[in-house]
Amino acid sequence: MDSILQLETVHKNFGGIKAIDGLDIQVEKNRIVGLIGPNGSGKTTTIKMLLNLLHPTKGVAMVLGGTSDQASVSSRIGYLPEESYLYRYLTAYE
């Protein structure tokens, strides 16, 4: 099975609060998936762990056969957040 995305028993705690508790996901090549759930269910936290913007408290989050802190993996990933982190006073050129 060719897995392009894999989370193995992933946990994420923020202080004493459990945001994700033992998440297991495996997505095969040529599949389309969506993360659906109410606010606070861990969708954004999961994506951020796959992008190496957050680190799991426990477990492994892999994408494209590695972790997104590897240049060979991160160069193949695009991410468009809902809210921009750019400075509002900069122009598109800047």
Query raised in the report: When you scan segment 5-37, how many residues do you find that are closer than 24 Å to TYR85 by Cβ, free of Cβ contacts under 8 Å to residues at least 12 places away in the same chain, out of contact with any helix residue (DSSP H, G or I) (no Cβ under 6 Å at 6 or more places or on another chain) and not β-branched (Val, Ile, Thr)?
Result: 3
Query raised in the report: Do we have THR91 as in contact with a strand residue (DSSP E or B) (Cβ under 9 Å, 6 or more places away or on another chain), of a type outside the set (Phe, Trp, Tyr) and open to solvent by less than 100 Å² (accessible area, probe 1.4 Å) here?
Result: no
Query raised in the report: Mind checking whether some residue in segment 26-48 is modelled with pLDDT under 95 and in contact with a His (Cβ under 8 Å, 6 or more places away or on another chain)?
Result: no
Report task. Being of a type in the set (D, E, K, R) and free of Cβ contacts under 8 Å to residues at least 40 places away in the same chain is the filter; apply it to segment 48-69 and report the residue that is surrounded by the most Cβ atoms within 10 Å (Cβ to Cβ). Result -> LYS48
Query raised in the report: Does LYS18 satisfy the condition of being in contact with an Asp or Glu (Cβ under 6 Å, 6 or more places away or on another chain), open to solvent by 60 Å² or more (accessible area, probe 1.4 Å) and not aliphatic (A, V, I, L, M)?
Result: no
Report summary line: Out of (1) part of a loop (DSSP other than H, G, I, E, B); (2) surrounded by 16 or more Cβ atoms within 10 Å (Cβ to Cβ), the one THR45 does not meet is (1)
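The values are calculated or read from the model by the stated rules, or taken from the named source; none is laboratory data. Since the structure is predicted, the reported quantities are computational estimates derived from the model, not experimental observations. All Cβ positions, glycine included, derive from the backbone under ideal geometry; neighbour counts span all protein chains shown. Keep in mind that these areas ignore ligands, DNA and RNA; they rest on the heavy atoms of the full protein, side chains included. Shrake-Rupley method; radii C 1.70, N 1.55, O 1.52, S 1.80 Å.
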